[in-house]
1. Helix-only estimate, please: 222 nm mean residue ellipticity of the chain, summing -39500 (n - 2.57) across DSSP H runs of length 4 or more and dividing by its residues, to the nearest 500.
2. Could you derive backbone 3J(HN,Hα) for segment 26-42 from the dihedral phi with the Karplus parameters 6.51, -1.76 and 1.60 (θ = phi - 60°), listing whole Hz in sequence and x where the residue is Gly or Pro?
3. What residue among G20, G65, G38 has the largest mean-square fluctuation in a Gaussian network model of the chain, using Cα springs under 10 Å?
4. At 7 Å along Cα-to-Cβ for each site, give me the label-to-label distance between A19 and E119 in nm.
5. Among S100, S135, which comes first, second and so on when ranked by fewest other beta-carbon atoms within 10 Å?
Amino acid sequence: MPYPNTLVFIDIPTDDVDAGNAFYNEVFNWEVEERIPGLFHRIVPGQNFKVDDGSQGPTGNLHMGISNVTNVRPNPDPEPTEPRHLNPGGRAIRAWILVSGDDSFERILETAVRLGGTELWRDHYWTEFGGANASFVDPWGNQIMLWQHLPDAERDEDTHKLVGDIALPKHWTVE
């Protein structure tokens, strides 16, 4: 059996790369590098993934891109190719962001909304993977999922059900 293929990169489509740069830099405090002005910027989301003791482990972060839908590169054709528009009214990418312990869903959601995003939900716990989550849609229609593991949440690995009680506020939803 061949070794599994590895995810290398995800592009976030937009029709304004500079605005996408400013949005993601402010919402997530990400470094965004202008690589091809007006067409493509590279997101460098952070440092290495942390290990159990909180120190940085050997695994580096994944990079992402912000690409202009009017001329997505690379492409062997030097001229822009179709499709050259955002996906209106339907699903686009759905990216999952692990929120660091020194940041919060509240700050991220408030910043995203202030910058033109739309909050979809907050205060939800998903037992399938044992984490709190919230979500928003960016100004270009891409859904961003926010994720945090809760330290006092224990779940059964076979049934994916919560074990014991978890101290969630009463207004939270649980799935």
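1. My calculation for the chain gives -4000 deg cm²/dmol from helical runs alone.
2. For segment 26-42, the Karplus curve yields 7, 5, 10, 6, 8, 6, 10, 9, 6, 9, 10, x, x, 10, 8, 10, 9 Hz.
3. Of G20, G65, G38, the most mobile in the Gaussian network model is G38.
4. 2.2 nm
5. Ascending number of Cβ neighbours within 10 Å: S100, S135.
Coordinate-derived values only; no laboratory data. Everything numeric in this text was worked out from a predicted model, so none of it was measured. Here Cβ is always computed from backbone atoms with ideal geometry, including for glycine, and neighbour counts include all displayed protein chains.
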